[in-house]
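Report on the structure given below.
The values are calculated or read from the model by the stated rules, or taken from the named source; none is laboratory data. All figures in this text were calculated on a predicted structure; none of them were measured in a lab. Please note: Cβ atoms are built from the backbone with ideal geometry, for glycine as well, and neighbour counts cover all protein chains shown. Calculation scope for accessible area: heavy atoms of the full protein, side chains included, ligands and nucleic acids excluded. Shrake-Rupley method; radii C 1.70, N 1.55, O 1.52, S 1.80 Å.
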Amino acid sequence: MASPHLTATGSHPSHPAARTARHSPRTARHHGDDHAAALTHALVAAGRGYSVIPLTRAKLPAVRSPHHADPSPTPCRGACGRPGHGIHDATSDPIAVRRLFAAAPWATAYGIACGVPPHHLIGIDLDTKNGADGLTALRLLAAEHHFALPPTVTVHTPSGGRHLYFAGPPAPPVPNSAGRLAPGIDIRGTGGYLVGPGSRTSRGAYYLAPGTPRTPAPAPTPLITLLPPQTPPHPHPHALHHPSALPSPPPHPNPAPALLRFVRTSPDGQRNARLFWAACRAYESGLGQEMATALTTAALQTGLTEREARATIASAARH
């Protein structure tokens, strides 16, 4: 599944770029190359047990909904038998994959469904933009909770981040979340998908890391316990105001040394983000007041002013 170097992009036919492509034989040819490459990689992924769907350059499901002109209060999840139901179209059947791509000739990428057999995939999306450092945050969590991160399928993203693929348990379902585990860490679980390697999007190409394993490693059990729980459906509107309705953080060893080290080693551009995240974890552990002075001192060592550090910690206390 090594990703070739692709030189052009495609899009949904309603997109201006697609209209331009219809008038440019050269662009259309390169668009066709991107589409063919995405299909080829999607078929390889399907052969390894992943369920896939075609995606647009914007990383959205490429097959248009058959219900776009007649929206229903009860969403169809594919029971009508027609394609165009997003992640519910995902399949590992090569014939069905070809049909989906044939229905979306503008697709230049593909998505890999998470949470479905046989891998029950959990995707860890590690970002490196907007001051976040997802990889460092994940390593800190691993050190704090005493588990190792096994070698697993790793995909490089156009933004400089990476996707880690882990095989999860069949139940309970792992929900999707963004930044709840830590800044720069998004979770792709049941109902979500990852952009597959070999895809070409408006931001660039996704490709496998050199030497990456062929199959996802089992997710470490301590990591699974840290993942945000499934949100209960439709809670009573007054229940959210009752303290018993709020989830309690799981017990864990004293995180203070790791949190302080995380703050002290902050690179430029990440000092406030790291301090905020560490302070949030401290307050969740019941150590916020106790660690406030130590966190401030650690922040001062990175170059933040005392006023900036105290304001960031105070913001975390209200978070």
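Of the residues that make up segment 39-49, is at least one at pLDDT below 50, more than 20 Å from the chain's Cα centre (by Cα) and open to solvent by 50 Å² or more (accessible area, probe 1.4 Å)? Checking segment 39-49: not a single residue is at pLDDT below 50, more than 20 Å from the chain's Cα centre (by Cα) and open to solvent by 50 Å² or more (accessible area, probe 1.4 Å). Number of residues in segment 204-215 that are surrounded by fewer than 23 Cβ atoms within 10 Å (Cβ to Cβ) and not in a strand (DSSP E or B): the value is 7. For segment 108-130, state whether one or more residues are under 14 Å from the mean Cα position of the chain (by Cα), in a loop (DSSP other than H, G, I, E, B), surrounded by 15 or more Cβ atoms within 10 Å (Cβ to Cβ) and charged (D, E, K, R). Yes; the residues of segment 108-130 include at least one that is under 14 Å from the mean Cα position of the chain (by Cα), in a loop (DSSP other than H, G, I, E, B), surrounded by 15 or more Cβ atoms within 10 Å (Cβ to Cβ) and charged (D, E, K, R). Once segment 151-203 is narrowed to residues that are open to solvent by less than 30 Å² (accessible area, probe 1.4 Å) and among the polar types (S, T, N, Q), the residue that is farthest from Arg57 (Cα to Cα) is Thr152. For segment 62-83, the set of residues classified as open to solvent by less than 50 Å² (accessible area, probe 1.4 Å) and either at pLDDT 90 or above or of a type in the set (Val, Ile, Thr) (or both) consists of Ala62, Val63, listed by residue number.
What number of residues in segment 92-107 are assigned to a helix (DSSP H, G or I) and open to solvent by 10 Å² or more (accessible area, probe 1.4 Å)?
Restricting attention to segment 92-107, the residues satisfying the condition of being assigned to a helix (DSSP H, G or I) are 94-102.
Those still in the list that are open to solvent by 10 Å² or more (accessible area, probe 1.4 Å) too: 94-96, 98-100, 102.
Total satisfying the criteria: 7.
May I ask you to verify whether Gly161 is touching a helix residue (DSSP H, G or I) at 6+ places or on another chain (Cβ under 8 Å), farther than 20 Å from Ile53 by Cα and without any contact (Cβ under 8 Å) to a residue 40 or more places away in the chain? Here the answer is yes, as Gly161 does meet what is asked. In this structure, Gly86 does not qualify as open to solvent by 50 Å² or more (accessible area, probe 1.4 Å) and modelled with pLDDT of 80 or more.
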